[in-house]
Amino acid sequence: MPVNLRVDQGGNREVLGYLALPSGVATDDPTDSIVKVADFQVSGGGTVPFWGTVTSPQLFGVGLGTFSPIAGKWLPAPPQLVSPDLLHYTYLHPNGSLRLAAATGSEIPIANPINLTPLAYTGAGVVLVQNQPASSGLWLLDPTTHAITVITQPAGTDDWREVTTAPATATASGGTFAYGVNSPGVLGAPPPTTVLRANLQAGGLLKTTTVYTAAAGTTIALIAADRQGGLLVVLTGHSPGLVYLDPNTGPRLVTAPAGVALATVGPRHHADAHGIWFIGRTGIFLFNATSGFQKIAAGVTTDIAPGGDCT
């Protein structure tokens with residue numbers, strides 16, 4: 001699995017590489033890294049770092065990378081902000097504009113007067129949310145026309161976190177779904193207790209619903225979408241456990257390996273054809289709807305972040 005291994009050089013470089021599974025052995029990639037190329041002044045004082053790859057042509061973006069086997073290079077964006085064709089990506093520029101970028105080095109700036117930030121790059125377009133502690137509200141950026149369409153207006157402390165595309169089946173029509181919770185759970189906010197789902201289509205919202213509510217005294221610690229339109233919910237508190245929201249059959253309980261503290265699972269995660277990978281200090285886990293939740297390797301000692309699909 002391509003991964004972001006660690007930050008060095010005083011916080012100015014993201015080291016890229018690969019994680020072997022199931023051994024858990026990490027190897028640096030000497031061909032590229034992501035480095036800080038500038039500091040941008042922001043309103044109110046202070047600076048925001050601006051990042052780029054080392055190889056030519058230099059690609060600009062954020063301090064996390066995704067390896068594209070199609071382009072044969074690292075793109076400076078996390079996997080969820082890379083397009084399905086693996087040749088394009090999006091990011092929020094430190095100057096406040098949105099950027100549509102390509103593996104060739106080209107970029108298109110998009111005006112961003114209401115301070116949105118990308119949540120996911122999907123076949124339906126780039127899904128955007130408020131750039132606030134609570135990622136409330138959903139918008140869709142068309143990569144071709146560059147038009148931004150509101151999907152659903154901000155509502156309370158709704159916090160949209162995941163986007164997945166579900167294939168059509170005999171019992172479901174499929175589509176692109178955004179998942180969120182009813183609170184960001186940050187300091188000063190209540191813990192999240194319900195899961196929201198919005199069915200997205202180019203041009204607008206079909207339906208937003210509450211698809212899961214945790215038991216009293218139970219907190220939603222983490223949500224992670226797979227590539228089949230489903231969502232794994234990690235619960236802590238009064239009734240800890242794992243619940244999978246199957247897009248066809250609804251919620252069902254998932255058994256966790258013995259001795260696993262659910263509050264420490266991930267929080268880094270990435271979905272590919274194998275299922276959902278969780279990477280953290282207590283272990284590397286894999287969940288899929290068929291084989292369940294399994295521990296694959298021992299925990300990692302640094303904050304390793306997924307950088308693409310496992311082959």
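The values are calculated or read from the model by the stated rules, or taken from the named source; none is laboratory data. In this text the structure is predicted, and so the values were computed from the model without any measurement. Note that each Cβ is placed from the backbone with ideal geometry, even for glycine, and that neighbours are counted across all protein chains shown.
A few comments on the model shown:
- Failed item in (1) part of a loop (DSSP other than H, G, I, E, B); (2) buried (at least 20 other Cβ atoms within 10 Å of the Cβ), with residue 34 passing the rest: (1)
- The listed residues are 250, 230, and the only one of them that is within 22 Å of the chain's Cα centre (by Cα), modelled with pLDDT under 95 and of a type outside the set (Lys, Arg) turns out to be 230.
- Residue match in region 130-137 (condition: part of a strand (DSSP E or B), touching a Phe, Trp or Tyr at 6+ places or on another chain (Cβ under 6 Å) and over 19 Å from residue 83 (Cα atoms)): no
- Consider region 39-53 and keep the residues that are in contact (Cβ under 8 Å) with a residue 24 or more places away in the chain and more than 19 Å from residue 308 (Cα to Cα). The one that is surrounded by the most Cβ atoms within 10 Å (Cβ to Cβ) is 50.
- Filtered residues of region 1-37 (kept if without any contact (Cβ under 8 Å) to a residue 40 or more places away in the chain and among the aliphatic types (A, V, I, L, M)): 15, 20, 25, 35, 37
- Qualifying residue in region 66-78 (condition: in a strand (DSSP E or B), of a type in the set (A, V, I, L, M, F, W, C) and in contact (Cβ under 8 Å) with a residue 40 or more places away in the chain): yes
- Just one of the numbered conditions (1) under 17 Å from the mean Cα position of the chain (by Cα); (2) surrounded by fewer than 18 Cβ atoms within 10 Å (Cβ to Cβ); (3) part of a strand (DSSP E or B) is not true of residue 28: (1).
- Of the residues making up region 79-111, those that are part of a loop (DSSP other than H, G, I, E, B) and either β-branched (Val, Ile, Thr) or within 21 Å of the chain's Cα centre (by Cα) (or both) are 83, 84, 85, 86, 87, 93, 94, 96, 97, 103, 104.
- Strands (runs of 3 or more DSSP E) (entirely within region 140-193) containing at least 2 residues that are under 19 Å from the mean Cα position of the chain (by Cα) and farther than 20 Å from residue 112 by Cβ: 159-166, 175-181
- Taking region 91-126 as the range and being crowded, with 22+ Cβ neighbours inside 10 Å, under 17 Å from residue 42 (Cβ atoms) and not hydroxyl-bearing (Ser, Thr, Tyr) as the test, only 116 passes.
Residue-by-condition table, conditions (1) farther than 17 Å from residue 162 by Cβ; (2) modelled with pLDDT of 95 or more; (3) not basic (Lys, Arg):
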{"position": "185", "(1), (2), (3)": "no, no, yes"}
{"position": "197", "(1), (2), (3)": "no, no, no"}
{"position": "265", "(1), (2), (3)": "no, no, yes"}
{"position": "280", "(1), (2), (3)": "yes, no, yes"}
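- Scan of region 91-114 for residues that are in contact (Cβ under 8 Å) with a residue 40 or more places away in the chain, in contact with a strand residue (DSSP E or B) (Cβ under 8 Å, 6 or more places away or on another chain) and among the polar types (S, T, N, Q), ordered by number: 95
- Check on residue 142, closer than 17 Å to residue 194 by Cβ and of a type in the set (Asp, Glu): no
- Among the candidates 186, 150, 129, residue that is buried (at least 21 other Cβ atoms within 10 Å of the Cβ) and either closer than 21 Å to residue 231 by Cβ or of a type in the set (A, V, I, L, M, F, W, C) (or both): 129
- Residues that are on the phi > 0 side of the Ramachandran plot and at pLDDT 95 or above within region 62-102 comprise 72, 86, listed in sequence order.
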